Amino acid sequence: MYKYDPIDQQIVNERVAQYRDQTRRYLAGELTDEEYRPLRLQNGLYIQRHAPMLRIAVPYGLISSKQMRKLGDIAKKYDRGYGHFSTRQNLQLNWPKLEDTPDILAELATVEMHAIQTSGNCIRNITTDQFAGIAPDEIIDPRAIAEIMRQWSTFHPEFALLPRKFKIAVSGTEKDRAIVQAHDIGLEFFKDAQEQMAIKVWVGGGLGRTPILGTVIREHLEWQHVLSYCEAVIRVYNIHGRRDNAYKARIKILVKALGIEEFKRQVEEEWAHLKDGPLTITQNELDRVAKYFEPMPYKTLPAHDASFDAAVASNPAFAAWVKRCVQPHRVPGYRAVTLSLKPHGKAPGDITSEQMHVVADLADAYSFGELRSSHEQNLILADVQVSDLFAVWEKARAAGLATPNIGLLTDIICCPGGDFCSLANAKSIPIAEAIQMQFDNLDYLYEIGDLELNISGCMNACGHHHVGHIGILGVDKDGSEWYQVTVGGKQGNDASIGSVIGPSFSAEEMPGVVQRLIEVYVRERQDEERFIDTVRRLGVAPFKAHVYAEKETA
Amino acid sequence: MSQLIQLAADGQASIVADAWTRVVPPAAGEESVRKQAGKVVLFKLTGEQTYTAEQIANTEIPATGKILVPLTIWQARKAELQSRLAAGELGIILATNETAEALQAEFPDLNTLPLIAVFVERFADGRIFTLGNWLRTRFGFKNELRAIGDVLRDQLFFHKRAGFNSFLIRADRSAEDALASLNDFSQPYQGGVADVPVWRRVNRA
Ligand code: HEM
Ligand code: SF4
């Protein structure tokens with residue numbers, strides 16, 4: 001992974017000093033709330049329901065064992081001994097003290113970490129596929145460009161105060177796992193007819209209050225121009241994006257208002273001035289950064305391991321875990337392991353300090369000392385030898401990190417909701433927990449198969465409910481908490497936004513509602529059809545009919 | 001004590017006396033407020049400065065000395081301001097919702113202006129950075145470029161890198177304290193108006 005040189009280190013050190021002084025001035029009353037707000041936000045600090053919330057950047061989801069231990073120690077020392085992995089691959093602390101945040105940042109800086117631009121109206125942490133560099137279906141490893149873009153966007157002088165936040169995702173695989181179409185800019189890397197690295201550029205996607213999938217603004221962009229092109233896009237947005245209404249301020253609204261053709265025309269006009277200028281990435285710089293993402297020193301291994309095969313055959317619990325939590329790897333004899341942060345009945349994405357140490361130890365022992373976080377809020381050991389899988393499983397299981405539910409109904413993506421977030425209409429974590437308990441039967445879960453369930457506590461859509469096969473959204477009706485249900489959302493190359501099935505439900509009804517949706521699927525499915533396929537084939541009607549029929553007779 | 005910070009050609013910052021008088025139109029009537037879906041929505045955008053004909057006509061312009069005039073005032077009353085321009089006593093204020101093109105339509109060679117100021121009504125309005133950048137890189141403006149309005153120390157480093165070389169700190173804040181923020185970072189990653197990306201600036205290999 002990328003390692004800081006003295007320049008990177010100096011920037012985070014100077015940032016700590018700058019932020020320390022800003023916080024000192026705020027506490028001394030020299031800065032008003034309104035003035036301090038964008039400063040702290042650009043450092044990932046929200047003021048929340050109970051306490052500030054600090055969001056620590058995990059650039060494109062890559063983290064070392066050393067960094068993970070540091071996060072564990074920080075969570076213990078400054079918080080309540082746990083952290084929360086978010087759907088943007090970052091780590092959030094829910095209970096730090098404002099006065100402590102400069103010290104937390106100083107500690108993070110010692111392990112090449114920071115909280116820069118994890119919030120606020122600026123370019124946010126760039127996200128990507130958690131299997132980047134090892135996925136068998138990968139065409140281009142996008143991480144070197146992602147790192148170059150991280151540096152370019154860090155304290156960008158022109159884009160420090162955009163109309164609204166700006167999110168970029170990159171992906172270089174056949175099967176999109178980074179939801180590039182749901183980002184302000186999505187960059188899809190591919191090899192062009194000349195075998196050169198090129199990029200398909202999407203713009204104007206986003207969830208939130210007005211869910212819109214992105215539109216292709218450029219089919220083919222040479223990688224050298226990615227910075228100048230993004231700069232042109234964001235410049236047009238900075239000048240013309242709405243600043244009068246926060247709900248209409250994202251780039252998607254501008255793209256819609258102008259129409260993609262006119263927006264594209266303005267971008268191309270701007271780009272004509274920037275193209276081939278100093279922003280053109282040199283081969284030298286790409287090579288300098290890319291060497292940090294070279295393949296690990298893999299051993300030459302046979303594709304099969306007899307002891308592993310035997311363990312799978314004789315141990316059903318292990319076999320179940322392998323089926324759900326072990327993913328393919330491009331190198332023979334290696335696998336990726338997803339450590340589930342979704343044990344049934346716990347807040348999705350939460351991890352204790354002790355578990356952080358366990359996963360760091362696992363990474364050191366079995367996976368070249370590195371980990372990844374996924375937007376599904378799990379952790380990944382990317383490079384595990386097949387012969388080590390059993391040992392990894394035993395240790396992960398002992399630490400509560402081996403729930404074999406990856407990709408299943410209980411692998412719920414969920415925002416912090418009303419328990420923590422002051423914007424929430426409704427709680428989301430208790431709903432996730434109740435659904436997990438309702439389906440706390442692994443055989444039944446396997447029987448249901450692949451299913452993505454997403455929960456957001458309000459229309460800001462932090463839990464990506466629009467793209468969940470089943471989406472649950474907290475709504476406010478006369479001051480009480482209700483839940484609206486959608487089906488048919490999907491992430492990936494064939495992304496879609498779910499349709500609302502009808503009037504909303506109370507919290508107590510929710511596990512039953514999910515149960516009914518599943519019943520329709522189990523009744524109607526053909527062959528190997530997944531839940532989402534059945535919804536796409538039949539539409540919303542049969543689901544709606546069964547859910548509400550039940551409601552009326554009840 | 002002056003509120004004006006100026007960068008010398010060598011980048012050295014100091015607090016200097018302000019030789020320019022800002023021409024401010026008299027206050028308008030109340031802001032236009034409309035109701036939408038039961039919620040009050042302010043339709044006046046940040047930085048939006050649309051002066052009424054009455055305001056423009058009633059604006060008092062000092063008879064002597066260096067004056068800093070909003071673009072709209074110049075557009076409406078340029079006949080009487082022409083001699084001031086010739087004498088090098090005229091600077092123009094651009095609001096963040098106005099365009100550099102509109103300015104150039106009035107002054108084909110922007111460098112006939114000794115000073116352009118960009119007015120930012122709320123510090124969080126980042127259009128000022130793009131405007132600064134454009135004026136320097138696209139329109140070749142070489143003279144003094146000043147940030148005025150809600151100008152606070154925590155944005156100064158960005159203003160500087162976006163091409164501004166003077167900064168009128170908001171009246172209730174110390175310009176002295178603000179000086180320190182001009183050097184918050186010693187080796188930024190990306191290029192600014194006056195420099196190139198770090199990987200073109202230094203050898204990082
Ligand atoms: C607890 C404090 C949080 C607050 C106050 C908060 C606030 C917000 C707001 C206001 C938006 C909508 C912005 C807009 O589109 O206009 C948003 C979007 C989003 N948040 Fe959060 N959030 C919080 C926590 C989280 C967490 C924990 C996650 C991840 C699990 C998360 C992930 C996201 C994502 C992915 C979006 C983007 C949806 C989109 O594409 O538009 N947020 N958040
Ligand atoms: S979706 Fe709403 S409730 Fe959930 S974290 Fe985001 S802002 Fe808060």
Exercise for the section: Considering every residue within the stretch A:22-31, establish whether at least one is more than 14 Å from chain B (Cβ to nearest Cβ), away from ligand 2 (no atom under 16 Å from the Cβ) and either under 18 Å from A:ASP350 (Cα atoms) or assigned to a loop (DSSP other than H, G, I, E, B) (or both). Expected result: no
Apart from one, (1) part of a loop (DSSP other than H, G, I, E, B); (2) open to solvent by less than 30 Å² (accessible area, probe 1.4 Å); (3) not hydrophobic (A, V, I, L, M, F, W, C) all hold for A:THR338; the odd one out is (1)
Got at least one residue in the stretch A:289-303 being closer than 30 Å to A:ASP443 by Cα and of a type outside the set (Lys, Arg)?
yes
- Task: Might you check whether a residue that is within 13 Å of ligand 1 (Cβ to nearest atom), open to solvent by less than 20 Å² (accessible area, probe 1.4 Å) and either within 14 Å of another protein chain (Cβ to nearest Cβ) or in a helix (DSSP H, G or I) (or both) occurs anywhere in the stretch A:421-430?
- Result: yes
The condition of being more than 16 Å from ligand 2 (Cβ to nearest atom) and in contact with a Cys (Cβ under 8 Å, 6 or more places away or on another chain) holds, among A:PRO404, A:PRO416, only for A:PRO404
Of the residues in the stretch A:94-140, those that are without any contact (Cβ under 8 Å) to a residue 60 or more places away in the chain, open to solvent by 20 Å² or more (accessible area, probe 1.4 Å) and more than 18 Å from A:PRO59 (Cα to Cα) come to A:TRP95, A:LYS97, A:ASP100, A:ASP103, A:ASP137, A:ILE139
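Which of the following residues is crowded, with 17+ Cβ neighbours inside 10 Å, more than 10 Å from chain A (Cβ to nearest Cβ) and of a type outside the set (Lys, Arg): B:LEU131, B:LEU152, B:LEU94?
B:LEU94
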Using the structure shown, decide if A:ASP73 is free of Cβ contacts under 8 Å to residues at least 40 places away in the same chain, more than 14 Å from every other protein chain (Cβ to nearest Cβ) and either within 16 Å of ligand 1 (Cβ to nearest atom) or part of a helix (DSSP H, G or I) (or both). no
**OP:** Would you confirm whether any residue within the stretch A:292-302 is part of a helix (DSSP H, G or I) and at pLDDT 95 or above?
**Re:** yes
Of the residues in the stretch A:439-474, those that are within 14 Å of ligand 1 (Cβ to nearest atom) and either part of a loop (DSSP other than H, G, I, E, B) or within 14 Å of chain B (Cβ to nearest Cβ) (or both) come to A:GLY457, A:CYS458, A:MET459, A:ASN460, A:ALA461, A:CYS462, A:GLY463, A:HIS464, A:GLY468
Per the list (1) in a helix (DSSP H, G or I); (2) farther than 29 Å from A:GLU174 by Cα, residue check on A:GLU481 breaks on (1)
Just one listed residue, out of A:LYS291, A:LYS256, is within 14 Å of chain B (Cβ to nearest Cβ) and either open to solvent by 60 Å² or more (accessible area, probe 1.4 Å) or acidic (Asp, Glu) (or both), and it is A:LYS291
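The values are calculated or read from the model by the stated rules, or taken from the named source; none is laboratory data. Source: prediction; values computed, not measured. Cβ coordinates were reconstructed from backbone atoms using ideal geometry, including for glycine residues, and neighbour counts include every protein chain displayed. Accessible surface areas use protein heavy atoms only, side chains included; no ligands, DNA or RNA. Shrake-Rupley method; radii C 1.70, N 1.55, O 1.52, S 1.80 Å.
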